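Student: Shown below is the structure under consideration.
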Amino acid sequence: MINSLPLFHRIKGQKVLVLGNGEAAEPKRRLVERAGGVIEDDMQRAIDEGVRIAFVAFEDSRACENAAINLRCAGMLVNVVDMPELCDFTTPSILDREPVLIAVGTGGASAGLAKHLRLRLERVLPQSLGDLAKALFGGREKLRARFPDGADRRRALDEALREGGALDPFAAESHRRVDEWLSGASTTAPGRAETIELSSPDPEELTLRQARLLGEADFVVLDGEIPEAILARTRADAARISPAEAGGMTAAGLTVVLRFRDES
């Protein structure tokens, strides 16, 4: 279970209320402006005009609490700086590879931790990642024409974008290979099956290869009582089936058999 629902909200050209001044408020103003929003600093005007999002950054905690209550009653989603218990939403640390955005959040637990996780990711993700996304977007019609079936299209992309694949996102030159890949991707990857013997209910015990397989699987065969924490690592749209349902089944794409016997 996750404690927050991650969303990317478009605010370009829209007003966003930012209350307060100084070091706490200024980063929120910059964030709103960076996303194309229009700063509003008058609380009553924001309420009258139906502004939907508010940042509160007063130095006085009681003033923050009062403002949060009034704004929430007016129908706004509220973020109170350094007071997560008063927040409807929190702001993550953002890694920008436009149009790719990676947001690292801790639910308000530690902005410092989110920042340093983002800094680590900055070092390993190439600056050209956004160019890869744009190239894939530009080639979507050609990809649909070559793979009319959605499942075939997804499998072709999975094969290309996997670690070491033709369009590996971690490879700096992948964006230059999209046209070549689209011209040569004329066959569907054959179906294959992999088996993962789980030794622990802890997803941290998964190997990198096992985690990748779960993220790519089209079908997941549940052999035993598979812990929910492990199932959370599978693709959301992967079909979950029993061993009986899988018997004799021949399927395109990747089938992963998950086996777990709790001997505790």
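The values are calculated or read from the model by the stated rules, or taken from the named source; none is laboratory data. Fair warning: this is a prediction, and the values are worked out from it, not measured in the lab. Cβ placement follows ideal geometry from the backbone for every residue including glycine, while neighbour counts extend to all protein chains displayed.
Student: Which one of A133, A171 is within 24 Å of A211 (Cβ to Cβ), more than 18 Å from the chain's Cα centre (by Cα) and of a type outside the set (S, T, N, Q)?
Tutor: A171
Student: Quickly run through segment 204-228 and pick out the residues that are in contact with an Asp or Glu (Cβ under 7 Å, 6 or more places away or on another chain) and either surrounded by 12 or more Cβ atoms within 10 Å (Cβ to Cβ) or within 19 Å of R154 (Cα to Cα) (or both). Break it down stepwise before answering.
Tutor: First, the residues of segment 204-228 that are in contact with an Asp or Glu (Cβ under 7 Å, 6 or more places away or on another chain): 212-213, 216, 225.
Listed by number, the residues that qualify are R212, L213, E216.
Student: While we're on this one: Taking the condition of being without any contact (Cβ under 8 Å) to a residue 40 or more places away in the chain, surrounded by 16 or more Cβ atoms within 10 Å (Cβ to Cβ) and in a strand (DSSP E or B), how many residues in segment 8-39 meet it?
Tutor: Result for segment 8-39: 3.
Student: Name the pairs: first residue in segment 57-78 and assigned by TED's automatic domain parsing to the domain that holds M43, second residue part of a helix (DSSP H, G or I) and of a type outside the set (A, V, I, L, M), Cβ to Cβ under 7 Å, at least 6 apart or on different chains?
Tutor: Partner pairs satisfying both residue conditions: A57/K28; F58/C64; V78/R72.
Student: Something else now. Take L31 and tell me if it is touching a Ser or Thr at 6+ places or on another chain (Cβ under 8 Å), of a type in the set (A, V, I, L, M), farther than 30 Å from A229 by Cα and outside the structural domain of R118 (by TED's automatic domain parsing).
Tutor: In short, yes.
Student: If the Cβ limit is 9 Å and pairs must be 6+ apart or interchain, which residue in segment 150-168 that is within 16 Å of G139 (Cβ to Cβ) pairs with which residue that is of a type in the set (S, T, Y)?
Tutor: Pairs found: D152/T188; A156/T187; A156/T188; A160/S174; L161/S174; G165/S174; A166/S174; L167/S174.
Student: Which residue is surrounded by the fewest Cβ atoms within 10 Å (Cβ to Cβ), if the candidates are limited to segment 40-60 and must be among the hydrophobic types (A, V, I, L, M, F, W, C) and assigned to a strand (DSSP E or B)?
Tutor: The extreme case among them is I53.
Student: In addition: Can you name every one of the helices (runs of 4 or more DSSP H) wholly within segment 154-244 that holds 3 or more residues which are in contact with a helix residue (DSSP H, G or I) (Cβ under 9 Å, 6 or more places away or on another chain) and more than 12 Å from T255 (Cα to Cα)?
Tutor: 178-184, 228-231
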